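Reading through the structure tokens given below for one structure.
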Amino acid sequence: MKPNTVTCLVLIFCVMNLFFGCSQRKAAPLPELEQAEAVMFEHPDSALHILQRMPKPADKEQHALWCLLVTQAMYKQYLPFSSDSLIRIAYDYYKPTDDSRRKAMAALYMGEINYRLQKIETATAYYLEAETEVEKASDDKLGYLVMSGLGNLYLYRDLTDYASGVCQKALAYAVNDSNKRYEMVSSRLLARCYSLKKDFSESIAFYMRAIDLADSLKLWNFCSATKVELANVYSVLKQYDRALFIEREVLKSGFLSEQLYYGMGMNYMKLHQYDSAYHYFNQALANSNAYTRRGIYRNLLHLSRQPQYQKYVIVYSDSLRFYEDSVRVLDKGKEIIAYREKYENEKLVTENQRLELEKTRFSRLLLIVVVIALIVLVLYLHRKIALSRKEEELNKLTLQLHKNESLINRNNSYIAELKLQIERKNELVNQQAEQQDELASLHDANEQLRKENLRLNENMKKYTGIFSETNEIKNVTEQLRRSKQREDDWFAFIQKEYPFLSGLHQRKTGLDYVEEQAVYCLVDTLFDKFTKRLTYKISLPPRELLLCCLIKLRLSVSEIAILMNLSPASVSTAKQRIKNKIYEKLKDNPPKRNFDLWIWEY
């Protein structure tokens with residue numbers, strides 16, 4: 001293959017690599033960032049201390065990671081946030097990148113911070129974005145955090161159907177991560193989902209699973225809070241004694257909460273123990289949740305039917321009306337959130353479909369470009385091969401034309417000599433007749449050669465304009481014609497003294513080492529130290545130097561192929577390689593010169 005063709009292939013390969021793209025090397029995180037991220041989940045306070053002591057990174061990527069880790073550490077310590085400006089820096093940086101894990105983390109904490117800031121619709125959109133990205137990242141811990149956060153948001157807004165699916169995913173991530181604490185929390189979330197869906201057997205099973213995990217981890221407060229919720233399930237099932245038994249057990253453990261008091265008040269009222277119910281309902285009013293207060297005042301209003309509590313009926317009625325209005329406003333907000341969540345979900349699906357479509361279009365365009373490039377390359381190679389063949393054919397025609405001209409000149413010399421002898425009448429009659437026949441034969445031969453030259457010239461006209469060396473070939477031919485007679489005499493002498501030279505044209509076998517050395521010596525003798533002059537300007541291996549010498553001796557490609565034990569195609573390829581090497585070294589322009597002519601002239 002020709003060197004310029006190889007260059008073309010390399011360029012196309014580079015272009016294809018550019019299309020497919022190469023991932024750029026990212027700067028390694030700073031040691032402080034790596035250290036903070038390593039201790040984040042176990043010791044967020046230490047992580048925040050490390051991050052606050054280090055200087056803010058100047059690099060955009062490092063600064064984005066710093067903002068992400070600072071937000072994560074502050075969130076884990078329940079520190080207050082006035083806005084989402086810090087985490088937004090990380091979110092804006094990672095969003096256009098291909099780093100799914102960082103994108104999911106940034107979107108997760110955008111959701112968490114906005115949820116704390118009571119921007120529920122905004123938080124939902126970020127949670128859903130984090131859900132989409134975390135599915136692309138193989139990080140079970142992060143997957144749990146995203147799904148549990150989204151599950152909590154759905155649960156507290158009574159979006160049960162949505163909550164159930166994401167809580168199942170949260171539990172699966174926790175189990176895959178082998179994290180009992182995560183498994184405990186996600187089990188309680190699933191228990192709440194099943195409770196809201198009235199599937200109480202599943203709810204009790206997951207509550208018990210969460211309680212057992214909390215006991216094994218010695219998380220007593222979590223265990224007591226979960227038992228309170230389990231007692232509420234038994235209350236719904238009208239197993240009031242069992243519910244009270246669990247609640248008293250929790251109360252003895254020292255765990256106090258408004259939900260515990262509210263549940264105990266409900267159970268005592270169902271058992272018609274009104275004084276105890278009244279006591280615990282009032283204890284539960286410390287809760288600030290509007291839904292809980294509405295439930296408490298409903299039960300207190302119901303309790304006011306008893307004679308000893310009738311005096312509070314107006315107070316309970318007014319309070320109940322107030323909290324019912326508050327809950328009604330919240331319910332409208334839940335409807336908006338549901339529609340908003342559906343809209344954001346469909347928007348994400350549409351965006352993903354658009355990205356997939358663009359990716360498909362890009363791949364198709366890339367395939368078309370590659371196919372076109374390959375077609376252009378094939379056409380280019382085909383043209384180069386065709387030109388090479390035409391160049392070889394032109395060389396053959398030129399050599400034949402020159403050979404014919406040399407024969408005509410030689411015949412003319414013979415004709416002149418014979419005429420001179422006939423005019424002198426030095427020969428016998430029979431010999432003169434023979435000379436006349438020889439003279440006629442030479443004239444006929446010259447006529448045939450002239451006709452052949454006309455045909456050769458016609459054939460050479462086909463290549464006019466294709467090769468710029470056509471005029472140069474004619475000039476060289478003319479020069480060779482003028483000096484041919486002198487060279488013929490010289491060659492006649494050399495061939496007489498060196499029959500080895502004439503024998504090269506009739507050889508049927510390749511040259512051995514001694515014969516190759518003889519060729520070098522012969523060429524240097526005939527052509528003014530040709531090999532030394534050539535190797536002085538450019539270094540050539542022995543085989544390439546031998547090929548140049550054989551060309552210098554006017555041997556054809558087929559003859560050279562026999563002498564060098566090569567195929568004619570290999571000889572042509574080697575000639576092209578040497579031509580490019582010599583022209584590159586000598587700063588000559590290969591397309592403007594014929595290599596054989598260059599060697600003959602050199």
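The values are calculated or read from the model by the stated rules, or taken from the named source; none is laboratory data. Note that this is a predicted model, so its numbers are computed, not measured. Using ideal geometry, Cβ is built from the backbone for each residue, glycine included, and neighbour counts are taken over all protein chains shown. For the accessible areas, the whole protein counts, side chains as well, though only heavy atoms, and no ligand, DNA or RNA atoms are used. Shrake-Rupley method; radii C 1.70, N 1.55, O 1.52, S 1.80 Å.
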Note to self: At 1.4 Å probe radius, can you tell me the per residue accessible area of segment 89-132 in Å²?
What the structure shows: 37 Å²
Next item on the list: Give me the accessible area of Trp220, 1.4 Å probe, in Å² rounded to the nearest 10.
Entry: 150 Å²
Check: What are the principal axis extents of the Cα atoms in segment 229-277, in Å, biggest first?
Finding: 26, 23, 15
Check: So what's segment 514-585 giving for Rg/Rh, alpha carbon basis, Kirkwood Rh from the mean inverse pair distance?
Finding: 0.94
Check: Where the only charges are on Cβ atoms (+1 Lys, Arg; -1 Asp, Glu), what is the dipole of segment 250-308 about its Cα centre, to the nearest 20 debye?
Finding: 160 debye
Next item on the list: Any chance you could tell me what percent of the C-alpha pair distances in segment 122-225 go past 17 Å?
Entry: 51 percent
Notebook entry, point to check: In the full protein assembly as shown, how much of Arg157 is accessible to a 1.4 Å probe, in Å² to the nearest 10?
Noted result: 50 Å²
Check: Which value, in Å² and to the nearest 10, is the accessible area of Met208 when all protein chains are kept and the probe is 1.4 Å?
Finding: 80 Å²
Margin query: Let me spell out the model: positive unit charges on the Cβ of Lys and Arg, negative unit charges on the Cβ of Asp and Glu, origin at the Cα centre of segment 74-163. What dipole size does that give, in debye rounded to 20?
Written below: 320 debye
Margin query: Leaving out ligands and nucleic acids, and using a 1.4 Å probe, what accessible area per residue does segment 257-315 come to in Å²?
Written below: 52 Å²
Next item on the list: Starting from the residue with the highest accessible area, list Glu356, Glu112, Glu61 in decreasing order, probe 1.4 Å.
Entry: Glu356, Glu61, Glu112
Check: Roughly how many percent of the accessible protein surface of segment 118-217 is carbon and sulfur, given a 1.4 Å probe and a whole-percent answer?
Finding: 46 percent
Notebook entry, point to check: Of Ser178, Ser195, Gln168, which is farthest on the positive side of the dipole of segment 117-218, counting Cα position, with +1 on Lys and Arg Cβ, -1 on Asp and Glu Cβ, and the Cα centre as origin?
Noted result: Ser195
Next item on the list: Please list Leu79, Leu142 in order of solvent-accessible area, largest first, computed with a 1.4 Å probe with all protein chains present.
Entry: Leu79, Leu142
Item checked: D_trans [Stokes-Einstein, Kirkwood Rh over alpha-carbon pairs] for segment 224-314, 4 °C, 1.567 mPa s, µm² s⁻¹ -> 99 µm²/s
Note to self: Can you tell me the mean projection area, over all orientations, of the convex hull of segment 57-134's alpha carbons? Units nm², please.
What the structure shows: 4.8 nm²
Checklist line | Computed over segment 178-292, Kirkwood Rh from alpha-carbon pairs, angstrom | finding: 14.4 Å
